[in-house]
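The values are calculated or read from the model by the stated rules, or taken from the named source; none is laboratory data. These figures come from a predicted structure and were not determined experimentally. Here the Cβ positions follow ideal geometry from the backbone for every residue, glycine too, while neighbour counts run over all protein chains shown.
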Amino acid sequence: MTKNKGFTLIELLVVIAIIGILASVVLASLNTARNKASDAAVKGSLQQIRNQAALYYDGVGAGSHGTQAAGVCPNNATVNLFGDSNIKAMLAQASLRSGGNGGVGSGVTTYSNTYCYSSGDNFVVIAKLATGDADSAATVTAGPDTWCIDATGAVAAYTYAASTGAISQAFSTNKCTASN
């Protein structure tokens, strides 16, 4: 009697299960890396906004940032700092990279996931990060999920809270402060 050489069904199922577990671990790691890359892109866009704001200020003069009430960044501004086409492009990128609308769509008048304020020589821009899980003003997460820049060159990471905490303090003081 000859013995057939080969794998049993149980052996094949075990190998397939192991491959499936390894694949799920790799995919989870890739998703984390993708979110971190999006966060780096948001931070880079905000850095470019600060650079463009300095150029805008140099070109227009003192007190030139204009007045923009604190809130979601407008995509229809025509005057002040947030009316500058270069800054609008960076706000769109920050919005898109953080999972927002990029300021595009029928009837869309804001760059979702971005928050702006300006007054005279000061400005503050805050954008949500992709690794954060804040979906609304009522949501406060365990860790920083937004990034802030201001006219002084300061940067800070915040936990999103539209009406309380460090973000509203950033708007009221015209500058980013230490992480909350």
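Results, tabulated for the structure shown:
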| read-out | value |
| --- | --- |
| In region 54-80, the residues that are at pLDDT 85 or above and within 11 Å of residue 125 (Cα to Cα) | 73 |
| Residue match in region 93-115 (condition: among the aliphatic types (A, V, I, L, M), modelled with pLDDT of 85 or more, closer than 21 Å to residue 56 by Cα and buried (at least 20 other Cβ atoms within 10 Å of the Cβ)) | yes |
| Qualifying residue in region 143-164 (condition: part of a helix (DSSP H, G or I), among the small types (Gly, Ala, Ser) and either over 25 Å from residue 52 (Cα atoms) or at pLDDT below 80 (or both)) | no |
| Enumeration of residues in region 70-92 that are of a type in the set (S, T, N, Q) and surrounded by 20 or more Cβ atoms within 10 Å (Cβ to Cβ) | 75, 80 |
| Subset of region 25-40 [exposed (fewer than 11 other Cβ atoms within 10 Å of the Cβ) and hydrophobic (A, V, I, L, M, F, W, C)] | 25, 26, 27, 28, 30, 33 |
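Okay, residues lined up against (1) of a type in the set (D, E, K, R); (2) surrounded by fewer than 10 Cβ atoms within 10 Å (Cβ to Cβ); (3) within 25 Å of the chain's Cα centre (by Cα):
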{"site": "5", "(1), (2), (3)": "yes, yes, no"}
{"site": "14", "(1), (2), (3)": "no, no, no"}
{"site": "23", "(1), (2), (3)": "no, no, no"}
{"site": "42", "(1), (2), (3)": "no, no, yes"}
{"site": "47", "(1), (2), (3)": "no, no, yes"}
{"site": "54", "(1), (2), (3)": "no, no, yes"}
